[in-house]
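The values are calculated or read from the model by the stated rules, or taken from the named source; none is laboratory data. Computed from a predicted structure; not experimentally measured. Cβ placement follows ideal geometry from the backbone for every residue including glycine, while neighbour counts extend to all protein chains displayed.
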C-alpha cells in the first residue's frame with residue numbers, strides 16, 4: 001500500500017532516530033512509505049497527497065489532529081500507539097499489541113468508524129475527537145497553562161503525575177454553575193465536572209463513559225455534582241484496581257449539548273478556551289458540542 005506516515009518523534013518512548021526505523025519497518029512489510037514528522041511544517045500538505053492509508057505513530061494529540069484532517073477524505077487511518085495516555089488507541093483496542101501484529105492486520109483489517117464531533121462557539125467551529133467539557137479537567141488545564149514547563153515525564157510517570165494533580169484539583173475545585181441542554185432537555189446545575197465525551201476514556205486514561213462505543217452516534221455527557229465528589233475522589237485514588245467498574249458517575253446520552261458560556265475555562269480535546277489573547281466577543285456565548293454524522297475510518301485487527 002501507499003502509506004503516508006505521520007510520526008511524532010517526541011511521543012512516549014519515541015525519539016527522532018526512530019523515524020528511519022519506522023520507515024524501514026513498514027517498507028520491510030511491502031509498503032511504499034512517505035514520511036512526515038508531526039513536529040515540522042508540511043504534515044498538513046502531506047495528508048493531501050495520494051495514499052491508500054494514513055498511519056499515525058504517536059499519542060492522542062497527534063492521532064487527534066490527523067483524524068480531524070481526515071474527515072471526508074475517504075482514506076482510512078492506522079495507528080501505531082506510542083504516546084502517554086493513548087485514549088484513542090485504547091478505545092480501538094490497539095494497546096498491548098506489537099507493531100508487527102498491527103501492521104499485518106492492515107492486510108485483512110476490521111474497519112471501525114470513529115465519530116468526529118463538532119464544537120461550535122464564539123470562536124467558530126472545529127472538530128473534536130475526545131470530548132468537550134468544563135469544570136475539573138478544564139480547570140486543571142487552565143491552571144497548568146500559565147506555569148513554566150519542566151522536563152516532561154513520560155509513560156506511567158506522566159499518567160501518575162497527571163492523576164495526582166487531578167486529585168488535588170478535585171479536592172479543592174468549586175462547583176460551576178452551568179446552564180445547559182442536552183437534545184433540548186434542560187440539564188442545568190452546579191457541576192464539579194460536565195463532559196460531553198466521544199470516547200470511553202478521557203485525560204490520563206480515566207474510564208468515565210462506560211457505555212460509549214466507537215461510531216455509536218451518541219455523546220456520553222458525564223455530570224458530577226458536589227454529591228459525587230467523594231465518589232470521584234475514590235475513583236482517582238483507586239482507578240488502577242478496576243477502571244472500568246469504578247467510574248460510575250451520572251451520565252446522559254445525546255447528540256447535541258448546548259452550554260451558555262460565560263467565559264469559564266472550557267476544553268475541546270486538549271485545547272483550552274478562552275485563549276489567552278481572546279477578544280471580548282470570543283469569550284462568551286452559546287457553545288455547542290454535537291455529532292452530525294462525520295466520522296473517520298480506522299483499520300484495526302480483526
**Asked** If we scan segment 49-65, do we find a residue that is assigned to a helix (DSSP H, G or I), touching a residue at least 40 places away in the same chain (Cβ under 8 Å), in contact with a strand residue (DSSP E or B) (Cβ under 7 Å, 6 or more places away or on another chain) and closer than 17 Å to residue 7 by Cα?
**Response** yes
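Please go through segment 191-226 and pick out each residue that is more than 22 Å from the chain's Cα centre (by Cα) and over 16 Å from residue 252 (Cβ atoms).
Applying the first criterion (more than 22 Å from the chain's Cα centre (by Cα)) to segment 191-226 yields 225-226.
Residue satisfying the conditions is 226 alone.
Quick grid of which residues meet (1) touching a helix residue (DSSP H, G or I) at 6+ places or on another chain (Cβ under 7 Å); (2) over 25 Å from residue 216 (Cα atoms); (3) outside the structural domain of residue 200 (by TED's automatic domain parsing):
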{"position": "7", "(1), (2), (3)": "yes, yes, yes"}
{"position": "27", "(1), (2), (3)": "no, yes, yes"}
{"position": "46", "(1), (2), (3)": "no, yes, yes"}
{"position": "74", "(1), (2), (3)": "no, no, yes"}
{"position": "84", "(1), (2), (3)": "yes, yes, yes"}
{"position": "97", "(1), (2), (3)": "no, no, yes"}
{"position": "104", "(1), (2), (3)": "no, yes, yes"}
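Filter segment 89-99 down to the residues that are in contact (Cβ under 8 Å) with a residue 40 or more places away in the chain and part of a loop (DSSP other than H, G, I, E, B) and list them by number.
Filtering segment 89-99 for residues in contact (Cβ under 8 Å) with a residue 40 or more places away in the chain gives 90-94, 97, 99.
Across segment 89-99, the qualifying residues are 92, 93, 94, 97.
Do we find that residue 33 is under 21 Å from residue 127 (Cβ atoms), at pLDDT 95 or above and part of a strand (DSSP E or B) in this structure?
Details: under 21 Å from residue 127 (Cβ atoms): no; at pLDDT 95 or above: yes; part of a strand (DSSP E or B): yes.
Answer is no for this residue.
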**Message:** Given the condition over 30 Å from residue 74 (Cβ atoms) and part of a strand (DSSP E or B), answer yes or no: does some residue in segment 225-234 qualify?
**Reply:** no
**Fill in**
Sole miss for residue 279 among (1) surrounded by fewer than 19 Cβ atoms within 10 Å (Cβ to Cβ); (2) more than 15 Å from residue 220 (Cα to Cα); (3) touching a strand residue (DSSP E or B) at 6+ places or on another chain (Cβ under 9 Å) is condition (3)
**Asked** Quick check, is residue 189 farther than 26 Å from residue 83 by Cα and at pLDDT 90 or above?
**Response** yes
**Asked** Can residue 115 be described as closer than 30 Å to residue 206 by Cα, out of contact with any helix residue (DSSP H, G or I) (no Cβ under 9 Å at 6 or more places or on another chain) and crowded, with 22+ Cβ neighbours inside 10 Å?
**Response** yes
**Request:** Any chance you could count how many residues in segment 66-88 are on the phi > 0 side of the Ramachandran plot and outside any loop (DSSP other than H, G, I, E, B)?
**Result:** 0
**Message:** For segment 284-298: of the residues being closer than 14 Å to residue 118 by Cα and more than 17 Å from the chain's Cα centre (by Cα), which is surrounded by the most Cβ atoms within 10 Å (Cβ to Cβ)?
**Reply:** 287
